1. Considering amide H positions built from the backbone, and no H for Pro or chain starts, which residues 5 or more places from Thr143, or on another chain, come under 5 Å of its amide H?
2. Computed over the Cα atoms, what is the radius of gyration of the chain divided by 2.2 N^0.38 Å, N being its residue count?
3. Kindly write out, for the stretch 45-58 in residue order, the coupling ³J(HN,Hα) from the Karplus curve 6.51 cos²θ - 1.76 cosθ + 1.60 (θ = phi - 60°), rounded to whole Hz, with x marking Gly and Pro.
4. With labels modelled as points extended 7 Å from the Cα through the Cβ direction, what inter-label distance (nm, one decimal) is found for Lys24 paired with Leu113?
5. Enter the Cα centre distance for the pair the stretch 28-78 and the stretch 123-185, rounded to the nearest angstrom.
6. Please find the FRET efficiency linking Val55 to Glu97, where r is the Cβ-Cβ separation and R0 is fixed at 41 Å, and quote it to the nearest 0.05.
7. Can you tell me how much longer the chain between Leu31 and Ser147 gets when fully stretched, taken as 0.36 nm per residue apart minus their C-alpha distance, in nm with one decimal?
8. Per DSSP helix of 4 or more residues, -39500 (n - 2.57); summed, then divided by the residues of the chain. What does that give at 222 nm, rounded to the nearest 500?
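Read-outs throughout are calculated quantities, based only on the coordinates presented, and are distinct from any laboratory measurement. Quantities reported herein were computed from a predicted structural model and do not represent experimental measurements. We place every Cβ from the backbone using ideal geometry, glycine too, and count neighbours over all the protein chains shown.
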Amino acid sequence: MSHGTSPKVQAFNPSAPPGGLLAKLDRALALLNHGLQLPSMLALLAAAGILTYSVVVRYVFKVPTDWQDEAAVFLLVGATFLTGAHVQQVRGHIGIEAIGEILPPSVNRIRYLFVDLATALFCLFFAWKSWTLCHEAWVDKQTTTSSWGPPLWIPYATMAAGMTLVGLQALLQSAIRVTTWGRKP
């Protein structure tokens, strides 16, 4: 789990004991997170291209547009949510380390566990609500109100999948922390 994390964060981000179930789950989730990076990068590039096209067509050629903003938002939502688990995995989120610098290592381990569990609970609740919205949008054939009218299940599905992955990643990190509790940071 040393992908781009600081040594201070690595010290409080233990690895799963090799060969066990947690190590296999950790590796599988890491591979999935890694696999989602390229499509998400392409989605960001596509969104940038679509928005640039929209600006040029609208302001230079005076041609009205209506699908570009929604397409870009759908791509951005997907890229953002589907890479959230990777950010959690490498602890790439913005954190306030001033507290971690003054706390003793034993208290800091508890702080990380508490934050991971709180993150997991929030994200899994958010995922559940997003899956509910996705199901409703699918069953009711809901679309956006624009003239293009793409189906709403698409952004709801990416939100739900992304938050499910973040919740699972945080739960996995919590489980690894608990099983490696006796190790020195």
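1. Leu152
2. Rg over 2.2 N^0.38 Å, computed on Cα atoms: 1.25.
3. After applying 6.51 cos²θ - 1.76 cosθ + 1.60, I find 5, 5, 4, 4, x, 5, 5, 5, 4, 4, 5, 5, 5, 6 Hz.
4. Going by the 7 Å Cα→Cβ label model, 2.6 nm.
5. A separation of 20 Å, based on Cα centres.
6. The calculated FRET efficiency here is 0.60.
7. 37.9 nm
8. After summing the helix terms and dividing by the residues of the chain, the value is -23500 deg cm²/dmol.
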